[in-house]
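Below you'll find the structure, written out as structure tokens, and then a few comments.
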Amino acid sequence: MSDCRLYLITPPALPDLAGFANTFQAALDAGDVACVQLRLKDVPDDEIRRACDALRPLAQERGVAFLMNDRPDLAAELGCDGVHVGQDDMPYAMARKLVGPDAIVGVTCHDSRHLAMEAGEAGADYVAFGAFYPTLTKEPKSSADTDLLVWWADLFTVPCVAIGGITVDNARPLVDAGADFLAVCNGVWGHADGAAAAVKAFGRILEG
């Protein structure tokens, strides 16, 4: 059995928030989920607030960490467990100052060993590498391979997250290479048999 766990990323838009909340609950109840990242793009802050208020309690009452994408200010305001920041977002140190010493702060590092080492030395709770596979969720800025995961797992204790186009069909090599978390969006919410079935399928992979 691997130590790798599932890290869910919400769809980039939630036009039917109430309907998604039901799907979200079913997914969380279907298997082990370590954390959820709320990732809404190009929407007003109030829409992010509404989504957070609807979904955050569902995650936290199940012991699942709830992270905000890009916005440490909203993460702190809305009671999230932490924040994920990209290289084009707020610097790690500023994000940490906003969310506090006990919150989770993860950092996108693309395919860069240098950026990952910098983030780890600064105090990031995890580094995220990718994209490992083609993805429909966003235009990837880099392409990573499993050698990066092997290198990181061998040398560092800071957890690493694999992201980018991950599905139940292609996840196994990332687990074998040493990823601590698999960050999945469309591979769960867009699964042909539904999100809960996808989480169960990922669970079987992660259990070996």
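Computed from the coordinates by the stated procedures, all read-outs in this text should not be read as laboratory data. All values derive from a computational prediction rather than experimental measurement. Reconstructed Cβ throughout: ideal geometry from the backbone, glycine too, with neighbour counts over all protein chains shown.
Listing for the model above:
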read-out	value
Shape category assigned to the chain from the gyration tensor of Cα positions, a/c cut at 1.5	oblate
Formal net charge of residues neighbouring Gln37 (Cβ-Cβ distance under 14 Å; K, R +1; D, E -1)	+2
Shape category assigned to segment 1-99 from the gyration tensor of Cα positions, a/c cut at 1.5	oblate
Length-normalised contact order of segment 5-206 in % [C-alpha pairs under 8 Å, at least 6 apart]	20 percent
Additional length obtainable on full extension of the chain from Asp73 to Asp29, 0.36 nm per residue less Cα span	12.9 nm
Peptides ranked, highest mean first, by Cβ atoms within 10 Å: ranges 26-36, 42-52	26-36, 42-52
Percent RCO, i.e. relative contact order, over segment 108-208, from Cα pairs under 8 Å lying at least 6 residues apart	23 percent
